[in-house]
Amino acid sequence: MADANYLAWPFFDDAHRKLAENVESWAQTHLVQKHDLADVDGHCKALVSALGQAGWLRYTVGRAYGGRHEAIDVRSLCLLRETLARHSALADFAFAMQGLGSGAISLAGSEAVKRKYLPQVSAGQLTAAFALSEPDAGSDVGAIATTARRDGADYVLSGVKTWISNGGIADFYCVFARTGEAPGSGGLSAFVVDADTPGLEVIERIAAIAPHPLATLRFTDCRVAAGNLLGQAGGGFKLAMQTLDIFRTSVAAAALGFARHALDEAIARAASRRMFGRTLADFQLTQATLADMATDIDASALLTYRAAWTRDCLGLPATREVAMAKMVATETAQQVIDKALQMFGGLGVKSGMAVERLYREIRALRIYEGATEVQKLIIGRELLKRVPSNKNP
Ligand code: COS
């Protein structure tokens with residue numbers, strides 16, 4: 001059982017502690033790692049449904065639409081993701097995408113759009129996706145080239161989106177496209193687009209290092225009602241950033257879950273592996289490695305839950321805190337997992353071993369929802385804002 005001492009930290013209240021306990025016990029009975037992931041799509045759909053039935057997806061939307069809290073509580077999101085990730089990367093993925101994929105609706109959708117989508121997202125009856133990245137616009141969101149042209153009561157979308165998680169299995173996509181109110185980041189808008197809308201097709205399924213549904217989408221004169229616009233025309237860039245400010249902290253939490261799993265594997269290995277007439281744990285080198293791993297995990301947890309608490313309790317976007325948490329938790333989780341794998345020797349690289357899986361599963365987290373380099377950029381810019389003449393360097 002992973003270390004749960006951090007639950008005593010002042011970032012949490014008793015409801016959070018109870019939530020962590022309940023999701024841990026649910027995960028132990030419902031999330032047996034399936035090593036044969038031939039049907040990743042089917043497995044993912046089943047997980048969305050199971051997470052919905054168990055009530056965990058209620059934490060991805062606000063109370064008026066079936067949610068557990070008035071607005072999304074980031075500490076709950078993080079506790080859920082950390083626990084799910086410790087048990088099953090795909091369960092964490094399925095949970096996370098419901099929140100990220102519907103986040104722009106929660107923040108800026110009209111009442112009608114919220115009522116149409118959010119209750120079913122929360123029940124696990126609709127699968128959500130966030131369609132931001134393009135072949136030439138990943139980190140540079142302001143370079144988005146997909147267009148949305150106003151035509152009477154509709155918008156007509158044309159372009160290509162790629163690296164879209166849940167692409168191919170989602171029921172709807174929150175799509176960011178250029179409406180042209182201003183050049184660059186000021187000319188983007190967000191739309192909710194149902195997966196079966198004529199003109200939207202999945203043109204490639206992408207196989208990834210750790211399998212999950214991932215696709216490239218093409219929009220060809222894809223017509224959506226103007227009512228599907230999320231927020232103001234031209235407000236799409238800020239809406240994307242606001243959505244990421246909420247969910248990036250939960251990426252840090254997922255990385256923590258992977259790292260805690262790796263530490264547990266490493267401790268069990270150290271205690272049981274015999275060599276040179278002793279156990280691996282008897283070597284000071286091993287003890288030093290374990291100490292580094294545990295300290296890195298605690299440092300990541302402190303940054304992660306500080307970011308979540310800052311947003312929940314101080315009501316601040318916490319852009320800087322979120323970026324620090326995402327950067328440190330994902331980077332250190334990669335190192336923690338690498339150290340755990342090393343302690344397994346040759347066994348560590350054998351397919352199907354937990355550390356081998358974790359080694360692959362952590363990698364994408366250092367890239368998606370803003371690569372480490374982007375987080376550094378964000379932190380640097382936030383610091384420079386303290387100098388009035390450098391408000392937007
Ligand atoms: N919340 C609200 N508004 C924000 C914001 C935030 N977190 N971040 C920036 N803005 C605003 C800025 O204040 C600015 O507003 P004004 O034009 O009114 O001054 C506007 O948005 C443009 O901001 P900025 O000039 O910083 O934009 P850049 O094009 O330089 O982009 C980065 C900044 C690189 C930080 C941004 O594009 C980014 O986060 N990229 C990574 C995206 C990502 O995560 N991709 C992965 C896809 S999801 S898997």
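The values are calculated or read from the model by the stated rules, or taken from the named source; none is laboratory data. None of these values were measured; they are calculated from a predicted model. Backbone-built Cβ (ideal geometry, glycine too); neighbour counts: all protein chains shown. Protein only, heavy atoms only, side chains kept; ligands, DNA and RNA dropped before computing areas. Shrake-Rupley method; radii C 1.70, N 1.55, O 1.52, S 1.80 Å.
Any idea how many residues of the range 290-318 are open to solvent by 20 Å² or more (accessible area, probe 1.4 Å) and at pLDDT 95 or above?
Number satisfying all stated conditions: 16.
Of the candidates Q287, Q232, the single residue that is open to solvent by 60 Å² or more (accessible area, probe 1.4 Å) and within 16 Å of the ligand (Cβ to nearest atom) is Q232.
Checking each residue in the range 267-279 for being of a type in the set (V, I, T) and outside any helix (DSSP H, G or I) picks out only T279.
Looking for something without any contact (Cβ under 8 Å) to a residue 60 or more places away in the chain and more than 16 Å from the ligand (Cβ to nearest atom) - is there at least one such residue anywhere in the range 306-316? Checked the range 306-316: at least one residue is without any contact (Cβ under 8 Å) to a residue 60 or more places away in the chain and more than 16 Å from the ligand (Cβ to nearest atom).
Would you mind stating whether P393 is surrounded by fewer than 20 Cβ atoms within 10 Å (Cβ to Cβ), modelled with pLDDT under 95, assigned to a loop (DSSP other than H, G, I, E, B) and touching a Leu at 6+ places or on another chain (Cβ under 8 Å)? The answer is yes for P393. Scanning the range 126-149 for residues that are open to solvent by 40 Å² or more (accessible area, probe 1.4 Å), within 16 Å of the ligand (Cβ to nearest atom) and either among the hydroxyl-bearing types (S, T, Y) or at positive phi (or both) yields a single hit, S139. Across the range 70-87, the number of residues qualifying as closer than 18 Å to E361 by Cβ and open to solvent by less than 10 Å² (accessible area, probe 1.4 Å) comes to 7.
Restricting attention to the range 369-384, which residues are near the ligand (Cβ under 6 Å from one of its atoms) and crowded, with 16+ Cβ neighbours inside 10 Å?
E369, G370, V374, I378
Of the residues making up the range 215-266, those that are under 30 Å from G315 (Cβ atoms) and not in a helix (DSSP H, G or I) are L229, L230, G231, Q232, A233, G234, G235. Checking the condition charged (D, E, K, R), out of contact with any strand residue (DSSP E or B) (no Cβ under 8 Å at 6 or more places or on another chain) and farther than 23 Å from G168 by Cα, which residue from D41, D3 passes? Criteria check complete, one pass: D3.
Filtering the range 280-331 to residues that are part of a loop (DSSP other than H, G, I, E, B) and either aromatic (F, W, Y) or touching a Cys at 6+ places or on another chain (Cβ under 8 Å) (or both) leaves only F283.
Within the option set A91, A123, being open to solvent by 10 Å² or more (accessible area, probe 1.4 Å) and away from the ligand (no atom under 16 Å from the Cβ) holds for one residue only, A123.
Take L358 and decide whether it is closer than 20 Å to A307 by Cα and modelled with pLDDT of 95 or more. So L358 does not fit the description; no.
Please pick out the residue among A207, A281, A268 that is in contact with a helix residue (DSSP H, G or I) (Cβ under 7 Å, 6 or more places away or on another chain), without any contact (Cβ under 8 Å) to a residue 40 or more places away in the chain, more than 16 Å from the ligand (Cβ to nearest atom) and open to solvent by 30 Å² or more (accessible area, probe 1.4 Å).
Every option except A281 fails the conditions.
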